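Report on one structure; see the data block that follows.
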Amino acid sequence: MAARFAATLRRQLYKNHLGLSPPQFCPAGDTEPVTAAMRMVGTPHVDETESEEDKIVMDPLSVELEQLWKGTAAQNSEAFGNVFKCVPAAGIQTWAQYKGKSEFQSIVRAEKRK
């Protein structure tokens, strides 16, 4: 069994990478809210190990987490490809698809030169 610090660090990283953590907004102005993580050693931290999100990432070898991880990666790859039109890409399997992507890139380059 992993030590508590290592386990909670891994869970927090997984939640951040999978988009399961709540958004953290920086308030306007000079005052930043002080959290327990910003205080000196010995200050008790908020226990987040019982949240629903934490239960999802608790077991790194679970089938559910693997499906979530791979699904998130596929969704992110598709979005990245749609935005940046990268070549080569997994979705390009024919010359017609390649020509369509390269024509789009030519248009983008021409627009940038203007």
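Computed from the coordinates by the stated procedures, all read-outs in this text should not be read as laboratory data. Please read these numbers as outputs of a predicted model, since none were measured by experiment. Cβ placement follows ideal geometry from the backbone for every residue including glycine, while neighbour counts extend to all protein chains displayed.
Only residues that are outside any helix (DSSP H, G or I) and on the phi < 0 side of the Ramachandran plot were counted in the stretch 2-23, giving 6. Count of the stretch 38-77 residues, restricted to those that are surrounded by 10 or more Cβ atoms within 10 Å (Cβ to Cβ) and either touching a residue at least 12 places away in the same chain (Cβ under 8 Å) or over 30 Å from Ala90 (Cβ atoms) (or both), is 18. Looking only at residues of the stretch 18-41 that are of a type outside the set (S, T, N, Q) and in contact with a helix residue (DSSP H, G or I) (Cβ under 8 Å, 6 or more places away or on another chain), we find that the one that is nearest to Leu61 (Cα to Cα) is Leu18. Considering the stretch 1-59 alone, what residues qualify as being farther than 24 Å from Ala74 by Cβ and of a type in the set (Phe, Trp, Tyr)? Matches in the stretch 1-59: Phe5, Phe25.
Please count how many residues of the stretch 18-37 are of a type outside the set (Gly, Ala, Ser) and surrounded by 10 or more Cβ atoms within 10 Å (Cβ to Cβ).
Total meeting the criteria: 3.
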